Each structure stands twice: as structure tokens, then as C-alpha cells.
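Everything below concerns the one structure shown next.
Read-outs throughout are calculated quantities, based only on the coordinates presented, and are distinct from any laboratory measurement. Since the structure is predicted, the reported quantities are computational estimates derived from the model, not experimental observations. Methodologically, a virtual Cβ is constructed for each residue, glycine included, from the backbone with ideal geometry; neighbour enumeration extends over all protein chains shown.
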Amino acid sequence: MMVDGADTFLDLVSNNQGKATLKLSTEEFEDADAQLTKIRIGMNKGLLDNIGHALVDYGAYYHVDSFKGETINHQLWLCPVTEYVFEGGYPETIFIKLINNK
């Protein structure tokens, strides 16, 4: 379940298509469409409880300045699954490239 800004970021990235294929990396690459920069560890417990999110003790907030060169100034929250995806932690920076949104 994507919440607290991650859902709206993916809506933007997918152009509201409900599906997007992304390249993610902790290493900068030349044609990245967005850069997520970690702000802090934390979570909005009230929001998570209200929507019935699985029980978690923390997550991490990230800031995205722009997507495909357009300023979006967006904040999003990523749950602890991120630690699994990136093999053990929340990266300081995540680079994203939209491959396909069909």
C-alpha cells in the first residue's frame, strides 16, 4: 500500500495510468528523471492507523525536487520494504528513470 506522498508521486510518474516500470538506483546515472533525497526517518502513525496500513515502527521521508525537469517539490514516505529492496537500509539518495507507463 503506497501512502503519504508515495501514492501521489507514482500517480505523477505513471501519468495516472496505474502502472509504471521504473529503473531505481543508489548510483547516479546520466538520464535519471528524478532524485529522491532522504530527509529523515519517521512516520505519520495517525495516518497509517487511519488507513489500515500494516504495523510498522518507522519509515523514511524523501524529497523530490523535480521530475523530468519540471519542479514538483514533493515529499513522500517509504515503508521498511525499502530496506529489503536496497539490501539493508534506506539510501541517502535514490535515482529514478521512467522506463514505461503503459
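Data table
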{"item": "Pick from the stretch 62-93, criterion touching a strand residue (DSSP E or B) at 6+ places or on another chain (Cβ under 8 Å) and part of a helix (DSSP H, G or I), ranking: surrounded by the most Cβ atoms within 10 Å (Cβ to Cβ)", "result": "Thr82"}
{"item": "Search result, residues across the stretch 26-43 that are β-branched (Val, Ile, Thr), surrounded by 13 or more Cβ atoms within 10 Å (Cβ to Cβ) and either over 13 Å from the mean Cα position of the chain (by Cα) or part of a loop (DSSP other than H, G, I, E, B) (or both)", "result": "none"}
